[in-house]
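Worksheet for the structure shown next.
The values are calculated or read from the model by the stated rules, or taken from the named source; none is laboratory data. No experiment lies behind these values; they were computed from the predicted model shown. Glycine gets a Cβ as well: all are built from the backbone with ideal geometry, and neighbour counts include every protein chain shown. The accessibility values were calculated without ligands, DNA or RNA, using every heavy atom of the protein model including side chains. Shrake-Rupley method; radii C 1.70, N 1.55, O 1.52, S 1.80 Å.
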Amino acid sequence: MSNPHNPSDPDQTVSQLVQSLAQSAESGRALVEGMSVFAKDESLRFVNLRLERNGAALDKLQNCHGIPGLIGVQQEWLRDFLQDYASQGMRMMGAWRGLTKNVIESAAENAADNIDRMQHQASDVAHQAEDAIHRAGNAGYQAAQQADEQIGNIAQDMNNNYIQH
């Protein structure tokens, strides 16, 4: 029978492990969901930015004069293009770094909680074993005393019988 108040109960230990795994799975699901939403939002923001810049470049191309004007618009578009992609890369790396840090901190917290719980359970089991050994020692001592008394009584009876005969 399992005792819900006994921390060393195997059923409770398994239940706590399952609960811990479920929490980890839920954290992982939430992380993936958050990453997906962030990636979608960032992608839309970036695509809109690039569409605006491309539209502005097309407007400038319609109003430029000659080869020098065309080269100037092309250089500006290329500069913005490289700058936007570099900025987007930095934004994404920063976001992933923050997410990774949060995941590692959460995993470390869960691991520390599990280790603490397991240490408490091991301590409780050790105390229970110590109590059982102590009770067994007391029972053995009492049994030895009773055996000694019985042997003494038998010896006394034999002594009395020997003297009477």
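Quickly run through the range 20-37 and pick out the residues that are polar (S, T, N, Q) and either more than 14 Å from ALA108 (Cα to Cα) or touching a Cys at 6+ places or on another chain (Cβ under 9 Å) (or both). Walk me through how you get there before you give the answer.
Our first condition is that a residue be polar (S, T, N, Q); within the range 20-37, this holds for 20, 23-24, 27, 36.
The answer is SER36, and nothing else.
Six or more apart or on different chains, Cβ under 7 Å: which pairs go from a residue in the range 120-142 that's on the phi < 0 side of the Ramachandran plot and β-branched (Val, Ile, Thr) to one that's open to solvent by less than 100 Å² (accessible area, probe 1.4 Å) and not in a helix (DSSP H, G or I)? Could you list them?
Close Cβ pairs (under 7 Å, with a partner that is open to solvent by less than 100 Å² (accessible area, probe 1.4 Å) and not in a helix (DSSP H, G or I)) amount to VAL125/SER8.
Does GLN62 meet the test of being surrounded by 13 or more Cβ atoms within 10 Å (Cβ to Cβ) and modelled with pLDDT of 90 or more?
So GLN62 fails the test.
So which of ASP131, ASP124, ASP113 is closer than 30 Å to GLN12 by Cα, open to solvent by less than 60 Å² (accessible area, probe 1.4 Å) and charged (D, E, K, R)? Let's see the steps before the verdict.
On the way: ASP131 fails: open to solvent by less than 60 Å² (accessible area, probe 1.4 Å); ASP113 fails: open to solvent by less than 60 Å² (accessible area, probe 1.4 Å).
None of the other options fit; the residue is ASP124.
When you look at ALA139, is it more than 42 Å from the chain's Cα centre (by Cα), under 30 Å from GLN12 (Cβ atoms) and surrounded by 10 or more Cβ atoms within 10 Å (Cβ to Cβ), yes or no? Show your work before the answer.
Values: more than 42 Å from the chain's Cα centre (by Cα): yes; under 30 Å from GLN12 (Cβ atoms): yes; surrounded by 10 or more Cβ atoms within 10 Å (Cβ to Cβ): yes.
Answer is yes for this residue.
How many residues does the range 58-92 contain that are without any contact (Cβ under 8 Å) to a residue 24 or more places away in the chain, polar (S, T, N, Q) and closer than 30 Å to LYS40 by Cα?
Counting residues in the range 58-92 that are without any contact (Cβ under 8 Å) to a residue 24 or more places away in the chain, polar (S, T, N, Q) and closer than 30 Å to LYS40 by Cα gives 4.
Kindly provide the set of residues from the range 110-158 that are among the polar types (S, T, N, Q) and farther than 30 Å from SER27 by Cβ, ordered by number.
GLN128, ASN138, GLN142, GLN145, GLN146, GLN150, ASN153, GLN156 - these are the residues of the range 110-158 that are among the polar types (S, T, N, Q) and farther than 30 Å from SER27 by Cβ.
Of all residues in the range 47-58, how many are open to solvent by 90 Å² or more (accessible area, probe 1.4 Å) and either touching a helix residue (DSSP H, G or I) at 6+ places or on another chain (Cβ under 9 Å) or farther than 15 Å from GLN83 by Cα (or both)?
Selection size over the range 47-58: 1.
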